[in-house]
Amino acid sequence: MSQSENRAETESVYPLDFAFLYGKPKSGGVYKQRCEDFIVKEDLGFELTGEGEHVCLWVQKIGENTQYLARQLAKFANIPARNVSYAGLKDRQGDTWQWFSLHIPGKQTPDFSLFEAAGVTIHKVIRHHKKIKTGALAGNHFT
């Protein structure tokens, strides 16, 4: 018996259409197709003071990695990457809104309207007396 005859015999005995083994599904769905299909917004759970050593940025990023963006913000502000913090990592494949804090004591706040990165928009710039630490948020809101 040839290999193709053997395969045909096996397929007739054991159907390979596993997705519909017990009939066609009664419902269906589509997984996330675009970054905009998954939206997450961070909720700090506290108000920023408007003064202090830390410049806090409310950032919307689409298709961008949190850690990579933190390094880019540090480079733009001319500070060490270790001086940039955030409450948590957000999904790269999504429309994510999160806070970053940059420790910039005794210096003027950089003009973040000049910051350019694909898929990144800085919506707010406000100073605060403490850095935003990992886990320091009330939660996330998902759409």
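The values are calculated or read from the model by the stated rules, or taken from the named source; none is laboratory data. Everything numeric in this text was worked out from a predicted model, so none of it was measured. As a convention, Cβ positions derive from the backbone with ideal geometry for all residues, glycine included, and neighbour counts pool all protein chains shown. Each accessible area value is taken on the protein alone, full model and side chains, heavy atoms only, with ligands, DNA and RNA left out. Shrake-Rupley method; radii C 1.70, N 1.55, O 1.52, S 1.80 Å.
If I filter the range 106-119 down to residues being under 12 Å from LYS61 (Cα atoms) and touching a residue at least 24 places away in the same chain (Cβ under 8 Å), which single residue comes out as surrounded by the most Cβ atoms within 10 Å (Cβ to Cβ)? Among them, the one singled out is ALA117. In this structure, is ARG92 under 23 Å from ASP37 (Cβ atoms), surrounded by fewer than 18 Cβ atoms within 10 Å (Cβ to Cβ) and without any contact (Cβ under 8 Å) to a residue 40 or more places away in the chain? For ARG92, the condition - under 23 Å from ASP37 (Cβ atoms), surrounded by fewer than 18 Cβ atoms within 10 Å (Cβ to Cβ) and without any contact (Cβ under 8 Å) to a residue 40 or more places away in the chain - is met. Any idea which residue in the range 61-76 is least open to solvent (accessible area, probe 1.4 Å), counting only those that are within 17 Å of the chain's Cα centre (by Cα) and among the small types (Gly, Ala, Ser)? Filtering the range 61-76 for residues that are within 17 Å of the chain's Cα centre (by Cα) and among the small types (Gly, Ala, Ser), the one least open to solvent (accessible area, probe 1.4 Å) comes out as ALA70. When residues in the range 126-143 are screened for being crowded, with 17+ Cβ neighbours inside 10 Å and more than 12 Å from GLY52 (Cβ to Cβ), 2 of them pass. Each residue in the range 88-117 was checked for being over 21 Å from ASN78 (Cβ atoms) and among the hydrophobic types (A, V, I, L, M, F, W, C), and 2 pass. What residue, among those in the range 31-40 that are under 27 Å from LEU57 (Cα atoms) and assigned to a loop (DSSP other than H, G, I, E, B), is least open to solvent (accessible area, probe 1.4 Å)? Within the range 31-40, the match that is least open to solvent (accessible area, probe 1.4 Å) is PHE38.
Scanning the range 95-105 for residues being crowded, with 21+ Cβ neighbours inside 10 Å and among the aromatic types (Phe, Trp, Tyr) gives a total of 2.
Condition check ((1) open to solvent by less than 50 Å² (accessible area, probe 1.4 Å); (2) outside any helix (DSSP H, G or I); (3) within 27 Å of ALA87 (Cα to Cα); (4) modelled with pLDDT of 95 or more) across all residues:
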residue: GLU11; (1), (2), (3), (4): no, no, no, no
residue: LEU16; (1), (2), (3), (4): no, yes, no, no
residue: TYR22; (1), (2), (3), (4): no, yes, no, no
residue: GLY29; (1), (2), (3), (4): no, yes, no, no
residue: GLU42; (1), (2), (3), (4): yes, yes, yes, yes
residue: LEU48; (1), (2), (3), (4): yes, yes, yes, yes
residue: GLU51; (1), (2), (3), (4): no, yes, yes, yes
residue: VAL55; (1), (2), (3), (4): yes, yes, yes, yes
residue: VAL59; (1), (2), (3), (4): yes, yes, yes, yes
